[in-house]
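Take a look at the structure set out below.
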Amino acid sequence: MKIIVVGTGFVGLPHAAVLSEAGHEVYAYDIDPQKIAAYQSGDAEQIERYVNEPGLPAAIADTIGRYLFFTTDISDTCEEADVFYMCINTPPNRDGSTDLSYYLKAAHDISGFLAKRKNQSRVVLVNKSTVPVGTARLLENILLEHGVENFGVASNPEFLAQGKAIEGSRSPDRIVVGADTEEDFKILRRVYSQFVNHVRIKYVETTPETAEAIKYMGNTLLLTYISFWNGVGARVAEALPNVRMEDLKLGVTADNRISTWGSYVSNGAGGSCFGKDIQSLIYQLNQTGNSTDLLQAVYNINEYQKTYLIDRAIHEANFNFNQKTVTLLGLAFKKRTNDMRDSAALKTVETLLSKGVKSIRAYDPLAMGAAQEYWFNPDNNHLFNRISYHDTVQEALEGSDAVYISTDWEEFRGLSRTIEKAVKPPYLVIDGRRMIPDYASLVEKGYDYLSVGGALMEASAVSEETAVPSANGMVAEMKMEKQL
Ligand code: UGA
């Protein structure tokens with residue numbers, strides 16, 4: 001099949017690379033010449049500047065020039081194309097609705113090219129990025145408006161998690177295809193021939209609108225589950241006496257019907273999808289006059305989670321952030337990515353600055369470049385000059401009064417030793433990811449420890465009785481995480 005992937009970001013680039021592995025002739029198209037030059041170079045570092053996914057540079061290297069081609073011009077490539085994948089960014093508007101301006105621009109451009117085709121063989125235009133229910137129909141109207149002939153529209157949403165884009169594309173749990181005609185379903189079955197009738201992979205064929213809705217339902221349900229643990233589980237363990245977070249999680253998720261994924265309490269779920277998708281679904285349902293109370297509560301809980309530890313530090317630990325230096329460990333929205341979109345760290349920085357901190361000493365193993373691009377921009381906030389960037393955890397800790405752990409990077413699990421080496425008590429450790437298994441020994445040595453899903457452990461208040469069993473609980477969590 002001749003396939004054109006329009007847009008080469010987190011969705012389009014891995015998709016193009018994996019499609020080319022199946023022997024399709026794939027043209028990855030982007031209007032940004034710098035991106036295309038970076039991908040064409042084949043150089044891992046250059047590729048990772050735009051999309052950092054394990055296995056991606058190797059996947060590109062395998063097929064580039066044979067099955068995979070990069071281009072900034074598809075006016076001629078359109079000829080004889082079987083499928084177009086629309087992988088355009090669809091950011092949120094202020095009111096929660098989806099900004100389709102980039103998408104619509106691309107749709108009009110492509111329609112213009114397709115209208116001039118000499119060869120009128122069937123072409124299917126497939127929406128891969130997350131778009132509101134009804135967008136495939138909108139695309140159909142644009143194509144008709146331009147006089148394009150012999151085409152179909154389809155929805156084939158992306159369900160990949162970041163950091164697993166290549167692995168997930170090679171071995172997905174499902175393929176959802178929404179189309180209108182058997183002819184179009186057939187074309188997409190040829191694209192995904194290795195997944196059709198697969199013993200494990202669910203291949204769902206439905207209407208374009210249902211496929212679009214499946215994506216929103218999936219993401220909002222996942223966020224609802226995370227918010228249940230953050231908004232209920234963490235509160236139960238923080239506020240009710242003698243409840244241990246790790247045991248609570250272990251006991252509840254032992255039920256086969258209840259997932260362990262999503263039960264890791266945190267300082268809020270981030271990323272480019274969850275917040276955006278739930279707001280968009282709220283908007284879409286509001287437009288139809290429907291109640292969105294549950295979705296709104298889920299969204300609010302997740303936003304609250306991103307800053308509430310700072311409030312707890314002030315009110316429970318009596319920590320005054322004014323003129324203090326705070327180390328921020330982890331900037332990406334989750335481990336194994338350099339992506340900071342909607343990361344809890346962004347809200348944390350904003351809140352710390354609003355509390356009058358003197359400086360923020362930041363460290364992240366992958367996201368330092370992304371952070372500096374964002375925070376160096378004086379248009380965003382002149383207070384961002386209070387942020388300094390450090391190459392190691394130890395360096396970032398030096399001279400600070402408190403540390404805030406925002407991302408679940410594995411290297412933070414060994415943090416207690418580094419803290420002991422770098423800073424002396426009184427010192428407050430704020431753990432937004434429950435990353436320090438041996439926090440009890442820190443508390444014994446005079447550090448205060450405040451975590452999501454746990455009561456404040458004050459240096460003076462710790463006793464053998466409270467510290468040791470809780471520490472064991474944390475070790476239990478580590479073991480469990482390794483098994484997942
Ligand atoms: C998410 C979904 O998991 C994918 O299925 C979906 O395809 C994707 O959005 C998308 O729409 O493109 P992703 O944004 O990569 O994937 O991130 P997740 O791994 O789901 O994590 C989202 C956030 O939730 C992260 O900040 C993570 O740290 C947090 N999280 C996750 C928790 O706080 N607790 C957990 O137990 C799990």
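Regarding the chain, what's the average projected area of the Cα-atom convex hull, expressed in nm²?
It is 23.5 nm².
Which translational diffusion coefficient, to the nearest whole µm²/s, is obtained for region 266-316 from the Stokes-Einstein equation, given a Kirkwood hydrodynamic radius over C-alpha pairs, 10 °C and 1.306 mPa s?
In µm²/s, the coefficient is 131.
Mind checking region 331-426 for GluC sites (Glu not before Pro) that DSSP puts in a loop (not H, G, I, E or B) and that have at most 15 other Cβ atoms within 10 Å?
Working: sites: E350, E373, E395, E398, E410, E411, E420; in loops: E398.
Within region 331-426, the qualifying GluC sites (Glu not before Pro) (loop, at most 15 other Cβ atoms within 10 Å) are E398.
For a quick check: sort R200, R386 by the number of other beta carbons within 10 angstrom, fewest at the front.
On the way: R200 9, R386 18.
So the ranking, lowest neighbour count to highest, is R200, R386.
So which GluC sites (Glu not before Pro) in region 205-263 pass both tests, a DSSP loop state and at most 12 other Cβ atoms within 10 Å of the Cβ?
Details: sites: E205, E209, E212, E238, E246; in loops: none.
Loop-located and lightly packed - none at all.
Write down the Kirkwood hydrodynamic radius of region 46-138, to one decimal in angstroms, obtained as one divided by the mean of 1/r over all alpha carbon pairs. Mind showing how you got there, number by number?
Details: mean 1/r = 0.0642 Å⁻¹.
After inverting the mean inverse Cα-Cα distance, the result is 15.6 Å.
Just how many pairs of Lys in region 1-128 have C-alpha atoms closer than 21 Å, counting pairs that are eight or more places apart or on different chains?
On the way: K2/K116; K2/K118; K2/K128; K35/K105; K35/K128; K105/K116; K105/K128.
Total qualifying Lys-Lys pairs in region 1-128 comes to 7.
Just the C-alpha atoms of region 2-206: what Rg/Rh do they give, with Rh taken as the Kirkwood radius? Please report the intermediate quantities before stating the final value.
Details: Rg = 16.1 Å, Rh = 17.1 Å.
With Rg and the Kirkwood Rh in hand, the quotient comes to 0.94.
Could you give me the percent of Cα pairs per 5 Å distance bin for region 216-300, shortest bin first, beginning at zero and ending with the bin that holds the maximum distance?
Bin by bin from 0 Å, the calculated values are 3, 14, 23, 21, 16, 13, 7, 3, 1, 0.
For a quick check: with amide H placed at 1.01 Å from N, whose amide H comes under 5 Å from Y85's, ignoring anything fewer than 5 positions away on the same chain?
Under 5 Å from the amide H of Y85: I4, V5, V6, V126.
Among DSSP bridges having both ends in region 2-206, what percentage is antiparallel? Round to the nearest 5. Please report the intermediate quantities before stating the final value.
Numbers: 3 of 31 bridges.
Among the beta bridges of region 2-206, antiparallel pairing accounts for roughly 10 percent.
Only helical DSSP H runs with n ≥ 4 go in: add -39500 (n - 2.57) per run for the chain, normalise by residue count and round the 222 nm mean residue ellipticity to 500 deg cm²/dmol.
Helices in the chain give a 222 nm mean residue ellipticity of -12500 deg cm²/dmol.
How large is ³J(HN,Hα), in whole Hz, for each residue of region 46-63 in order, when computed from phi with the Karplus curve 6.51 cos²θ - 1.76 cosθ + 1.60 and θ = phi - 60°, using x for Gly and Pro?
5, 5, 5, 4, 9, 9, 9, 10, x, x, 5, x, 5, 5, 5, 4, 4, 10
With θ set to phi - 60° and the Karplus curve 6.51 cos²θ - 1.76 cosθ + 1.60, what are the ³J(HN,Hα) couplings of region 326-336 in order, to the nearest whole Hz, using x for Gly and Pro?
For region 326-336, the Karplus-derived couplings read 10, 8, 10, 9, x, 10, 5, 6, 7, 5, 6 Hz, x marking Gly and Pro.
How much net charge surrounds Y308 when only the other residues with a Cβ under 15 Å from the Cβ of Y308 are counted, with Lys and Arg +1 and Asp and Glu -1?
Working: positive: R235, K306, R312, K347, K355, R433, R434; negative: E238, E303, D311, E316, E350, D431.
Charge balance near Y308 sits at +1.
Once you sort the root eigenvalues of the Cα gyration tensor of region 306-466 as a ≥ b ≥ c, which label holds: rounded (a/c under 1.5), prolate (a/b larger than b/c) or oblate (the other case)?
Working: a/c = 1.79, a/b = 1.50, b/c = 1.20.
Taking the square roots of the gyration eigenvalues as a ≥ b ≥ c, region 306-466 is prolate.
Taking each pair of distinct Cα atoms in region 320-406 once, what is the resulting Kirkwood hydrodynamic radius in Å?
Working: mean 1/r = 0.0791 Å⁻¹.
Result for region 320-406 stands at 12.6 Å.
Report the trypsin sites (Lys or Arg not before Pro) located in region 221-309 that are in a DSSP loop and have at most 12 other Cβ atoms inside 10 Å of their Cβ, or state none. Spell out each step's value before the answer.
Details: sites: R235, R244, K249, R257, K276, K306; in loops: R244, R257, K306.
Answer by residue number: R257.
Quick one: 3J(HN,Hα) in Hz for region 316-322, Karplus 6.51/-1.76/1.60 with θ = phi - 60°, rounded, Gly and Pro as x.
Karplus-based 3J(HN,Hα) across region 316-322 equals 8, 9, 6, 8, 9, 6, 4 Hz.
Values quoted throughout were computed directly from the atomic coordinates according to the rules given, and no laboratory measurement underlies them. Just so it is clear, the structure is predicted and the values come from calculations on it, not from any experiment. When we count neighbours, we look across all protein chains shown, and the Cβ atoms used for this are built from the backbone with ideal geometry, even at glycine.
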